[in-house]
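The values are calculated or read from the model by the stated rules, or taken from the named source; none is laboratory data. Predicted model, so just to flag it, every value in this text is computed and none were measured. Here the Cβ positions follow ideal geometry from the backbone for every residue, glycine too, while neighbour counts run over all protein chains shown.
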Amino acid sequence: MSRPRRDGAFARLTLLLPYGWLLLFLLVPFLIVVGVSLSTKELGTPPFVPPVTFAGGVPRLAPDFGNYAYLLDDPLYVLAYLNSLKVALLSTVACLLLGYPMAYGIVRAPARWRPLLLTLVILPFWTSFLIRVYAWIGILAPNGILNNLLLGLGWIGEPLVLLSTEPAVILGIVYSYLPFMILPLYATLERLDPALMEAAADLGCRPVAAFLRVTLPLSLPGMLAGSMLVFVPAVGEFVIPDLLGGTDTLMIGKVVWDEFFSNTDWPVASAVATALLVVLILPLLLLQRFQGRQP
């Protein structure tokens, strides 16, 4: 009779670790950022006045919501949000268009080749992320590999402006996050029953039509999961826009960096980060709702 109690206690204990991890490293830092976003800027260390003060030992709340109103008043932040969403969306679509054929090709490859192909997909992660982004500077620079190649072939008369542009940022994001699209797609496509395609062929369905009517709809969960894994971090990306985009590329990650370290305006920077998180929660909730409807 005591065994079910022990199993129940063990199950609760195993759940305590992930919930404690989320509480300590996600919820608590988020609440701290929210608290700073409701503070008032001042010169000092730290450079803000907390929204909670104590008068006679009694806590008194004095939140400053002006930091959030400032985000709407200044068009810089609105443009940064919109441009970040646009770049992330274009990068996600590009990753999907490139990643789906690659994942489908790995699934259709002989079984003995699949481990090698998957290893090649994750192989870039064995190198430092920063080094991989810096490598693109050597490729896209005016005197870089690509321009020298095109000049040597006589296809262009002068170096092209490839670096410090928005396409360079999209290229860097696609290169860096493409494995996050391929792996969920591969996991979804690998679980599909090949008999479904055979049944479609027996019913007179051409291969392209069978793919569009059978494989593509069934792989939608993998497409959505991969898209979220690319879109969410791409919106707040800082390193790639800073190195490949230059000063003319306006993205929210760079804005947060400038507010924290250049302007030393921690309350506004925290408000920008909090608003960004709220914006990103919506697609995650939609994805969770869609997955909940799947049979």
(message) Show the residue pairs meeting these rules: Cβ distance below 9 Å; 6+ apart or different chains; first residue within the stretch 75-92 and farther than 22 Å from SER227 by Cβ; second residue in a helix (DSSP H, G or I) and among the hydroxyl-bearing types (Ser, Thr, Tyr).
(response) TYR77/TYR70
(request) Name the residue, out of ALA210, ALA199, that is buried (at least 17 other Cβ atoms within 10 Å of the Cβ), free of Cβ contacts under 8 Å to residues at least 60 places away in the same chain and in a helix (DSSP H, G or I). (result) ALA210
(message) Looking at the stretch 279-288, can you tell me whether even one residue there is closer than 27 Å to LEU27 by Cα, in contact with a Leu (Cβ under 6 Å, 6 or more places away or on another chain) and modelled with pLDDT under 90?
(response) yes
(message) Just checking, does the stretch 215-225 include any residue being among the aliphatic types (A, V, I, L, M), in contact with a Ser or Thr (Cβ under 8 Å, 6 or more places away or on another chain), assigned to a helix (DSSP H, G or I) and surrounded by fewer than 18 Cβ atoms within 10 Å (Cβ to Cβ)?
(response) yes
(message) Consider the stretch 153-192. How many of its residues are touching an Asp or Glu at 6+ places or on another chain (Cβ under 8 Å) and at positive phi?
(response) 1
(request) Of all residues in the stretch 242-276, count the ones that are in a loop (DSSP other than H, G, I, E, B), free of Cβ contacts under 8 Å to residues at least 40 places away in the same chain and of a type in the set (Ser, Thr, Tyr). (result) 0
(message) Can you tell me which of (1) part of a loop (DSSP other than H, G, I, E, B); (2) farther than 24 Å from GLU237 by Cα; (3) in contact (Cβ under 8 Å) with a residue 12 or more places away in the chain is the one SER164 doesn't meet?
(response) (2)
(request) Return yes or no: is LEU79 under 30 Å from GLU166 (Cβ atoms) and either modelled with pLDDT of 85 or more or surrounded by 12 or more Cβ atoms within 10 Å (Cβ to Cβ) (or both)? (result) yes
